[in-house]
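What follows is a set of notes on a single structure, which appears directly below.
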Amino acid sequence: MPDGQPFEDRPDAGRKLASLLAGERIGQPVVLAIPRGGVAVAAEIAAALGAELDLLFVRKIGAPSNPEVAIGAIAGCGEPQVVLNEEFVGLSGATVAYIDAEAARQRAEIERQRRTYRGDRPEVPLVGRDVIVVDDGVATGATLAAALKALRLQAVASITLAVPVGPPETLRLLARSADRIACLRQPADFRAVSCHYRDFEQVSDREVIDLMARTTTDQR
């Protein structure tokens with residue numbers, strides 16, 4: 001795709017990513033979507049590959065003085081794992097008590113998302129599976145890096161990170177936590193994920209619920 005041509009929307013990006021992934025030798029993968037934006041991309045990939053779809057929950061742990069700066073994250077499909085960037089923790093001045101409290105707050109939000117998006121739908125088993133982690137794009141990659149490290153603790157066979165767009169330097173860093181990277185666009189003048197879509201409206205909780213329900217029905 002030429003760098004100047006944006007994706008129409010998340011489903012369009014998902015279909016194009018699916019075509020790229022179809023050329024990879026990945027056995028019977030599980031597609032794990034990062035809610036909420038990643039679900040609309042991942043649903044297209046799961047449908048095209050005939051793969052199971054599930055969610056990979058991740059919440060940023062922000063610095064005390066600037067919540068937008070990630071000093072770590074809590075992530076996982078089963079029991080969420082806390083993964084910290086020790087260098088950033090030290091620079092931020094975050095105390096153990098602060099991290100514990102923030103992790104508890106974000107864990108509660110993950111549980112809310114789990115109940116809202118999955119309902120009584122069981123988790124897809126991941127041990128020994130090849131997983132494809134999907135988001136609608138990546139910028140700094142700090143939160144996603146934590147998600148990949150937490151996922152590795154669940155004894156998966158391999159991790160493929162699939163994103164429509166991301167800056168080259170971030171993708172190089174994320175490659176340390178993944179077995180392969182599938183990315184359609186890696187512009188040097190990245191700016192922001194939204195710049196690479198014509199339609200980048202926020203994905204609602206209802207859309208996530210509907211996409212997960214539709215995918216579950218299709219897989220039966």
Item checked: Residue selected from the range 120-136 under the condition free of Cβ contacts under 8 Å to residues at least 60 places away in the same chain and not β-branched (Val, Ile, Thr), by the criterion farthest from residue 175 (Cα to Cα) -> 120
Margin query: Condition check: among the charged types (D, E, K, R), crowded, with 20+ Cβ neighbours inside 10 Å and at pLDDT 90 or above. Does residue 135 satisfy that?
Written below: yes
Item checked: Those helices (runs of 4 or more DSSP H) lying entirely in the range 93-183 with at least 2 residues more than 28 Å from residue 9 (Cβ to Cβ) and more than 15 Å from the chain's Cα centre (by Cα) -> 96-118
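Within the range 187-196, identify whether any single residue is small (Gly, Ala, Ser) and in a helix (DSSP H, G or I), and answer yes or no.
Within the range 187-196, one or more residues are small (Gly, Ala, Ser) and in a helix (DSSP H, G or I).
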Check: Which of the residues spanning the range 197-210 are part of a helix (DSSP H, G or I) and surrounded by 13 or more Cβ atoms within 10 Å (Cβ to Cβ)?
Finding: 205, 207, 208, 209, 210
Next item on the list: Hey, can you tell me all the residues within the range 15-31 that are surrounded by 11 or more Cβ atoms within 10 Å (Cβ to Cβ) and not β-branched (Val, Ile, Thr)?
Entry: 15, 16, 17, 18, 19, 20, 21, 22, 24, 29
Notebook entry, point to check: Does at least one position in the range 66-76 carry a residue that is surrounded by fewer than 18 Cβ atoms within 10 Å (Cβ to Cβ), within 18 Å of the chain's Cα centre (by Cα) and not β-branched (Val, Ile, Thr)?
Noted result: yes
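Here is a yes/no grid of residues against (1) closer than 26 Å to residue 204 by Cα; (2) touching a Cys at 6+ places or on another chain (Cβ under 7 Å); (3) of a type in the set (Gly, Ala, Ser):
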position: 14; (1), (2), (3): yes, no, yes
position: 17; (1), (2), (3): yes, no, no
position: 48; (1), (2), (3): yes, no, yes
position: 58; (1), (2), (3): yes, no, no
position: 62; (1), (2), (3): yes, no, yes
position: 67; (1), (2), (3): yes, no, no
position: 71; (1), (2), (3): no, no, no
position: 81; (1), (2), (3): yes, no, no
position: 99; (1), (2), (3): no, no, no
Next item on the list: Could you pull out the residue among 31, 41 that is closer than 23 Å to residue 204 by Cβ, part of a helix (DSSP H, G or I), of a type in the set (Val, Ile, Thr) and at pLDDT 95 or above?
Entry: 41
Next item on the list: Of the numbered conditions (1) charged (D, E, K, R); (2) in a loop (DSSP other than H, G, I, E, B); (3) under 15 Å from residue 106 (Cβ atoms), residue 24 fails exactly one; give the number of that condition.
Entry: (3)
Notebook entry, point to check: Of 150, 146, 157, 213, which residue is in contact (Cβ under 8 Å) with a residue 24 or more places away in the chain, surrounded by fewer than 20 Cβ atoms within 10 Å (Cβ to Cβ) and over 29 Å from residue 5 (Cβ atoms)?
Noted result: 157
Note to self: Of all residues being of a type in the set (D, E, K, R) and in contact with an Asp or Glu (Cβ under 8 Å, 6 or more places away or on another chain) in the range 44-61, which is farthest from residue 149 (Cα to Cα)? Just the residue, please.
What the structure shows: 54
Margin query: Looking only at the range 55-90, count every residue that is part of a helix (DSSP H, G or I), free of Cβ contacts under 8 Å to residues at least 12 places away in the same chain and of a type outside the set (Asp, Glu) and tell me the total.
Written below: 1
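The values are calculated or read from the model by the stated rules, or taken from the named source; none is laboratory data. Note that the structure is a prediction, hence the values are computed from the model and not measured. So basically every Cβ, Gly included, is an ideal-geometry build from the backbone, and we count neighbours across all protein chains shown.
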